[in-house]
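Peer 1: This is the structure I want to talk about, given as structure tokens.
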Amino acid sequence: KAIDIFNSEDPVSTILENRDFFPFIEKEMMGVVHPKVHCEGDVWDHTALVINNLRPGHDWVDVMIALFHDAGKKRALDKNEGKNMAGHELYSLDALNEWIRNEAGGVIPNIVPLHWVIENHMNALALGQMNSRFRIMQIVSHQGFPRLHPLADADCKATIGEDGKPVHDFMREVLLSPKVSRWVGQCAPAPIANENDFYEADVPLNFTRAAVEFGLKLQVNGNITDH
């Protein structure tokens, strides 16, 4: 049922026609106003715009991600005493998991990339301000980035300022910036020090993974490409 709804020609209308299947929309999105920016309306208004702004050729997974990416904003706003919605990504994951458990029968395919994209959608918007090449590489080279990229673009287009125009342009301001575009379509580089190197050096096993990641971080941030 969920996949049929998300695959419909007009998913926003179809979702609203089946709103009993999505109880969180009325309870936690409609009437929940953002403290800053977002002149387009409440959390549901914004979410509906995000869904409508998805790229041509999107599939049901993109729609589902868009529907849930801000579903935790009311919980975050309550937690933060009405000051802001910081941390809403994790509350959105809670809302997704509750919906899957209570309404969707407990099973939705492709759940791992769904979780990762929702958890990192704010990081995508902040990529242009990140100084760590390693952190940028981690996000842009992740297998979930092809899902994160269209969400971030649609999210920016749906965030409207007082002049009635989008506040940010994800493609121009973030994706095309040299430090981000460097990793688009690329895999993470092979680490110059791997687990076998640390094993041979008698590094305790519980430190090996952290040591490899730390070495890769130094490698990427230092732009080291070989031994």
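Peer 1: Would you check which residues across the stretch 20-47 are open to solvent by less than 30 Å² (accessible area, probe 1.4 Å) and β-branched (Val, Ile, Thr) and list them?
Peer 2: ILE25, VAL32, VAL43, THR47
Peer 1: Just checking: which of the helices (runs of 4 or more DSSP H) contained wholly in the stretch 103-214 hold 3 or more residues that are under 30 Å from ARG19 (Cα atoms)?
Peer 2: Where helices (runs of 4 or more DSSP H) fall fully within the stretch 103-214 and carry at least 3 residues being under 30 Å from ARG19 (Cα atoms), they are 111-125, 145-157.
Peer 1: Hey, can you tell me all the residues within the stretch 172-188 that are of a type in the set (A, V, I, L, M, F, W, C), open to solvent by 70 Å² or more (accessible area, probe 1.4 Å) and within 13 Å of GLY128 (Cα to Cα)?
Peer 2: The answer is LEU176, and nothing else.
Peer 1: Would you tally the residues in the stretch 167-208 being touching a Cys at 6+ places or on another chain (Cβ under 8 Å) and free of Cβ contacts under 8 Å to residues at least 40 places away in the same chain?
Peer 2: Looking only at that region, the number is 1.
Peer 1: If a residue has to be open to solvent by less than 50 Å² (accessible area, probe 1.4 Å), under 19 Å from MET171 (Cβ atoms) and not aliphatic (A, V, I, L, M) to count, how many in the stretch 54-87 make the cut?
Peer 2: Going through the stretch 54-87 one residue at a time, the tally reaches 2.
Peer 1: Here are the criteria: (1) in contact (Cβ under 8 Å) with a residue 12 or more places away in the chain; (2) farther than 21 Å from MET122 by Cα; (3) not aromatic (Phe, Trp, Tyr). Tell me which single one THR47 does not satisfy.
Peer 2: All conditions pass for THR47, except number (2).
The values are calculated or read from the model by the stated rules, or taken from the named source; none is laboratory data. Every value quoted in this text rests on a predicted model; they were computed, and no experiment measured them. Every residue, glycine as well, gets a Cβ built from its backbone with ideal geometry; the counts of neighbours run over all protein chains shown. The area values use the complete protein model at the heavy-atom level, side chains included, leaving out ligands, DNA and RNA. Shrake-Rupley method; radii C 1.70, N 1.55, O 1.52, S 1.80 Å.
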